[in-house]
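Written out below as structure tokens is the structure these notes cover.
Please treat every number below as a calculation from the coordinates, not as lab data. Everything quoted here is computed from the prediction, not taken from an experiment. Quick reminder, even Gly has a Cβ in these numbers, built from the backbone with ideal geometry, and neighbours come from all protein chains shown.
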Amino acid sequence: MNKIILNIGLWSAIICLTSFIVWIISFTGIAIQSPLLYWTNVEDYIDYYKNNSQLFQYLAKSFMIIFSIAYMILTIVFYEFATTERKILAKIGIVFSIMFALVSSILYFLQISSVRFAIAANEYSGLEHLLQSNPKSALLSVNMLGWALFLGLSSLFMYFGLISKSVTKGLKLGLLINVISCFFGGVGYLFQIDLLTFIFMNLGIGLGFFMITISSIKFINTLKRENK
């Protein structure tokens, strides 16, 4: 296989894995550094924002943008692994990964740009609809559309695109875990079952991507050695 494809796939998987590790470290830092935030209203959020460091918040959000782009690139590499008759399925998976990356990146970029600018300028009108912390904000619903639907469909089509290919079992299992996690996480969000949403959107997808990225790194390294 083309060395450029393998190198791009390897680095995309490494960046995905690194981004998730940074995300975990950031949320650990948030938990240690700041009290838990329970949404009440925008005024209480502003007080919380101004009285607690936002370093780890911005770090986590920035790396989620990097993660979503790296995942999109990784799916393009996965397409190269699919057999000829299943490439159409992998191609559909790429389309949904692009939709996921776009929607997810918009949310997180707004948090570290427009939301930050508005708070700094003390302009709070309509801000509650742009805040990720508000469980009823319009922008959070759009983000959940990306994570629950587009990511789930991307993983589903990639799974069927690779199911007959001799890639690692860990990669295919990770994609399947993502499909299940996105579905149940979306159901939890729509029916406001917070525990269900938290478990599947954080722990479930986290486990899925750890398996996907680590398995991809191992598989691509094996191909690179074979192509020497």
**Of Lys91/Lys172; Lys172/Lys224; Lys61/Lys224; Lys87/Lys228; Lys3/Lys165, those spanning more than 22 Å from alpha-carbon to alpha-carbon** = Lys61/Lys224; Lys87/Lys228
**Request:** Find the Rg to Rh ratio for region 3-226, where Rh is the Kirkwood radius over alpha-carbon pairs and Rg uses the same atoms.
**Result:** 1.01
**Request:** Would you mind checking the tilt of helix 42-51 against the longest principal axis of the Cα atoms of the chain, expressed as 0 to 90 degrees and rounded to 10?
**Result:** 80 degrees
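For the chain, what does -39500 (n - 2.57) per DSSP helix run (n ≥ 4), summed and divided by total residues, give at 222 nm, in deg cm²/dmol to the nearest 500?
-25000 deg cm²/dmol
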**Message:** Could you tell me the ratio Rg/Rh of region 10-93? Both radii from Cα atoms, Rh via Kirkwood.
**Reply:** 1.21
**Message:** Show me the three semi-axes of the equivalent ellipsoid for region 130-228, from the C-alpha gyration tensor (sqrt of 5 times each eigenvalue), largest first, rounded to whole Å.
**Reply:** 31, 12, 11
**Prompt:** How big, on average over all directions, is the shadow cast by the Cα convex hull of region 1-44, in nm²?
**Reply:** 4.8 nm²
**Item:** 20 Å cut-off, amide nitrogen to a point 7 angstrom out along Thr18 Cα→Cβ, residues in region 39-71
**Value:** 56-71
